[in-house]
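Trainee: Before we start, here is the structure in question, set down as structure tokens.
The values are calculated or read from the model by the stated rules, or taken from the named source; none is laboratory data. Everything numeric in this text was worked out from a predicted model, so none of it was measured. Neighbour counts run over all protein chains shown; Cβ positions are idealised from the backbone, glycine included. Just so you know, the surface numbers come from the protein's heavy atoms only, side chains and all, with ligands and any DNA or RNA stripped out. Shrake-Rupley method; radii C 1.70, N 1.55, O 1.52, S 1.80 Å.
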Amino acid sequence: MIKLVASDLDGTLLQNGVQSISEEMFHQIRELKQMGILFVAASGRQYANMRRLFAPVCEDMAFVCENGAMAVWRDRVLYCDSFEDDLVKRIVRAIQKKEGAEFSCSTKDFYYMSPKTEAFDRLMREYLKNECRYIRNLDEITEPCMKMAVYEKEGVTEETLHYWQERFSRECTVVTSGFSWVDFIPSGTDKARGIRKFQELLGITPEECLAFGDEYNDIEMLRAVTYSVAMEHGKPGVKKTAAYQAAAVEPVLARLLREKGEPERIFEADESVKRELQKMGEL
């Protein structure tokens, strides 16, 4: 029986630019809790932002924030990773020098920013509704930074990712996190770390866990569970990693609730969630 459900947000639970959680999802989270199943939101977003998104049910669930750099349950921080100060400053300088690139630096409670454009400022504050603090120089970065991010409005290409990996992948994890974002995460940190922490706390196994994702920063989380689901529109490497595919999260959870947490009956019963048999040599 499933005892933990984890889902990425942007591109997975929140598709096509949507910035609010559905009432159906709130209802499902409450039902999962009643069934003894913990719902975990796992995202590159900050905790304050995620808590605001899930405000009606935030006490009924758990959070893996900043691509795994922090995990929170019952408003208690379970762990919090951070960068060395020198690396933070070198990443920021590199982003500031690159034309068209904007940076954000994540702390526990807010983002450090120094926007080059009003559009990026509005994106962070008004559209994504992040808690932000403006800086004029790098000496104003005094709080531990859990994640760095570069935003490039025109989108992240393979060339863009290679540009950043070539400069910093020896010192940290560099991974895409959506159409316009590349994230820099402390080495050894990913969403799977948060999932494993909850598995440890709850005394459960990967066979009792279900996870959803669409981007390359979800791959380690999907590998940490037996029932891994990639979005049908997800990146090729994500779909190759996952055991199943689905168009959206809510329909799968609806079936999970109907089947009383028994996953095999869900995936066998509905053709809209497809097991990738080909990679297992069955086709």
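Trainee: Of the residues Lys240, Lys260, which single one is out of contact with any strand residue (DSSP E or B) (no Cβ under 6 Å at 6 or more places or on another chain), modelled with pLDDT of 95 or more and over 19 Å from Leu9 (Cβ atoms)?
Mentor: Working: Lys260 fails: modelled with pLDDT of 95 or more.
That would be Lys240, the only listed residue that is out of contact with any strand residue (DSSP E or B) (no Cβ under 6 Å at 6 or more places or on another chain), modelled with pLDDT of 95 or more and over 19 Å from Leu9 (Cβ atoms).
Trainee: Among the residues of segment 4-52, which ones are in contact with a Lys or Arg (Cβ under 8 Å, 6 or more places away or on another chain) and more than 24 Å from Lys235 (Cα to Cα)?
Mentor: Met35, Gly36, Ile37, Leu38, Tyr47, Asn49, Arg52
Trainee: State the number of residues belonging to segment 1-56 that are open to solvent by 50 Å² or more (accessible area, probe 1.4 Å), outside any helix (DSSP H, G or I) and without any contact (Cβ under 8 Å) to a residue 24 or more places away in the chain.
Mentor: Number satisfying all stated conditions: 2.
Trainee: While we're here: Out of Leu87, Leu78, I need the residue that is modelled with pLDDT of 95 or more and part of a helix (DSSP H, G or I). Which one? Give the derivation first.
Mentor: On the way: Leu78 fails: part of a helix (DSSP H, G or I).
The match here is Leu87.
Trainee: Can you tell me which residues in segment 57-75 are part of a helix (DSSP H, G or I) and not β-branched (Val, Ile, Thr)?
Mentor: Cys58, Glu59, Asp60, Glu66, Asn67, Gly68 - these are the residues of segment 57-75 that are part of a helix (DSSP H, G or I) and not β-branched (Val, Ile, Thr).
Trainee: When you look at Arg193, is it out of contact with any His (no Cβ under 8 Å at 6 or more places or on another chain) and closer than 25 Å to Lys116 by Cα, yes or no? Spell out how you get there, then give the answer.
Mentor: On the way: out of contact with any His (no Cβ under 8 Å at 6 or more places or on another chain): yes; closer than 25 Å to Lys116 by Cα: no.
In short, no.
Trainee: So the check is Cβ under 6 Å with 6+ separation or different chains; which pairs have a first residue in segment 217-229 that's within 18 Å of Glu264 (Cα to Cα) and a second one that's open to solvent by 10 Å² or more (accessible area, probe 1.4 Å) and assigned to a strand (DSSP E or B)?
Mentor: none
Residue by residue, here is whether (1) open to solvent by 80 Å² or more (accessible area, probe 1.4 Å); (2) part of a strand (DSSP E or B); (3) in contact with a His (Cβ under 9 Å, 6 or more places away or on another chain) holds:
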residue: Asn130; (1), (2), (3): no, no, no
residue: Ala149; (1), (2), (3): no, yes, no
residue: Val156; (1), (2), (3): no, no, no
residue: Glu166; (1), (2), (3): yes, no, no
residue: Thr173; (1), (2), (3): no, yes, no
residue: Asp183; (1), (2), (3): no, yes, no
residue: Gln199; (1), (2), (3): no, no, no
residue: Ile204; (1), (2), (3): no, no, no
residue: Leu210; (1), (2), (3): no, yes, no
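Trainee: Sticking with this structure for a sec: Across segment 1-22, what is the number of residues that are over 18 Å from Cys58 (Cβ atoms) and small (Gly, Ala, Ser)?
Mentor: Selection size over segment 1-22: 2.
Trainee: Residues in segment 64-75: is at least one surrounded by fewer than 18 Cβ atoms within 10 Å (Cβ to Cβ), in contact with a strand residue (DSSP E or B) (Cβ under 9 Å, 6 or more places away or on another chain) and not β-branched (Val, Ile, Thr)?
Mentor: Within segment 64-75 (the criterion being surrounded by fewer than 18 Cβ atoms within 10 Å (Cβ to Cβ), in contact with a strand residue (DSSP E or B) (Cβ under 9 Å, 6 or more places away or on another chain) and not β-branched (Val, Ile, Thr)), the answer is yes, since at least one residue qualifies.
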